[in-house]
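Student: Dropping the structure in here first, questions after.
What follows draws every value from the coordinates through simple rules; no lab data is involved. These numbers were taken from a predicted model, which means no experiment stands behind them. When we count neighbours, we look across all protein chains shown, and the Cβ atoms used for this are built from the backbone with ideal geometry, even at glycine.
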């Protein structure tokens with residue numbers, strides 16, 4: 001059985017996230033690809049946070065169509081799939097923008113047994129609550145970012 005893994009062509013596990021995916025660049029979400037999702041996966045949810053900033057949320061996406069393998073292109077627009085509210089106070093991707101030092105960014109993809117069918121612009125906490133009992137598996141990709149001043 002394949003292991004559930006999340007990858008990006010932009011950066012490998014533990015490596016630096018390119019400037020184009022940060023507030024210092026174009027602030028485009030990186031392309032992501034996954035494989036090996038558990039059998040029965042009907043949808044996915046994605047939460048990107050910064051554990052070095054008390055879990056500051058940079059991206060919330062949910063009800064991503066399910067398959068054992070899938071991908072999101074670079075620069076996903078807010079209208080392209082259901083997206084929740086980040087800690088920047090808006091929907092859509094908000095890239096790394098640490099005030100100082102090197103921060104870590106966790107891209108956590110959850111495989112779900114059904115859609116969340118959330119409405120409005122749910123927060124990451126709302127999405128986590130809605131996922132209760134639906135999570136079949138999860139995988140994480142972590143990148144780092146340091147602002148050049």
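Student: Applying the selection to segment 18-29, what residues are surrounded by 15 or more Cβ atoms within 10 Å (Cβ to Cβ) and either more than 19 Å from residue 61 (Cβ to Cβ) or out of contact with any helix residue (DSSP H, G or I) (no Cβ under 9 Å at 6 or more places or on another chain) (or both)?
Tutor: Selection gives 18, 19, 20, 21, 22, 23, 24.
Student: Let me ask something else about it. Looking at segment 30-39, which of the residues that are touching a strand residue (DSSP E or B) at 6+ places or on another chain (Cβ under 7 Å) and crowded, with 19+ Cβ neighbours inside 10 Å is farthest from residue 101 (Cα to Cα)?
Tutor: From segment 30-39, those touching a strand residue (DSSP E or B) at 6+ places or on another chain (Cβ under 7 Å) are 31-38; that's our starting set.
Checking the rest, the ones that are also crowded, with 19+ Cβ neighbours inside 10 Å come to 32, 34, 37.
On the way: 32: 25, 34: 30, 37: 34 Å.
Among residues in segment 30-39 that are touching a strand residue (DSSP E or B) at 6+ places or on another chain (Cβ under 7 Å) and crowded, with 19+ Cβ neighbours inside 10 Å, the one farthest from residue 101 (Cα to Cα) is 37.
Student: Kindly provide the set of residues from segment 93-113 that are buried (at least 20 other Cβ atoms within 10 Å of the Cβ) and within 12 Å of residue 57 (Cα to Cα), ordered by number.
Tutor: Residues of segment 93-113 that are buried (at least 20 other Cβ atoms within 10 Å of the Cβ), as a first pass: 93-96, 103, 105, 107, 109-112.
Those that are buried (at least 20 other Cβ atoms within 10 Å of the Cβ) and within 12 Å of residue 57 (Cα to Cα): 93, 94, 95, 96, 105, 107.
Student: Follow-up question, since we're still on this one. Quick check on residue 125: is it over 30 Å from residue 148 (Cβ atoms) and touching a residue at least 24 places away in the same chain (Cβ under 8 Å)?
Tutor: No; evaluated as a whole, the condition is false for this residue.
Student: Then there's this: Can you pull out the residues in segment 7-17 that are within 17 Å of residue 106 (Cβ to Cβ) and surrounded by fewer than 17 Cβ atoms within 10 Å (Cβ to Cβ)?
Tutor: From segment 7-17, those within 17 Å of residue 106 (Cβ to Cβ) are 7-8, 10-17; that's our starting set.
The answer is 12, 13, 14, 15, 16.
Student: Which of (1) under 26 Å from residue 129 (Cβ atoms); (2) in a loop (DSSP other than H, G, I, E, B) is the odd one out, the single condition residue 12 does not satisfy?
Tutor: (1)
Student: Given the criterion in contact with a helix residue (DSSP H, G or I) (Cβ under 8 Å, 6 or more places away or on another chain), surrounded by 14 or more Cβ atoms within 10 Å (Cβ to Cβ) and over 20 Å from residue 32 (Cα atoms), identify the matching residue among 134, 116. So that I can check it myself, show each step before the final result.
Tutor: Working: 134 fails: in contact with a helix residue (DSSP H, G or I) (Cβ under 8 Å, 6 or more places away or on another chain).
None of the other options fit; the residue is 116.
Student: Looking at segment 1-29, I want the residues that are free of Cβ contacts under 8 Å to residues at least 60 places away in the same chain and have a partner that is assigned to a helix (DSSP H, G or I) with Cβ atoms under 9 Å, at least 6 apart or on another chain. Which pairs are those?
Tutor: Between residues of segment 1-29 that are free of Cβ contacts under 8 Å to residues at least 60 places away in the same chain and residues that are assigned to a helix (DSSP H, G or I), the close pairs are 26/19; 26/20.
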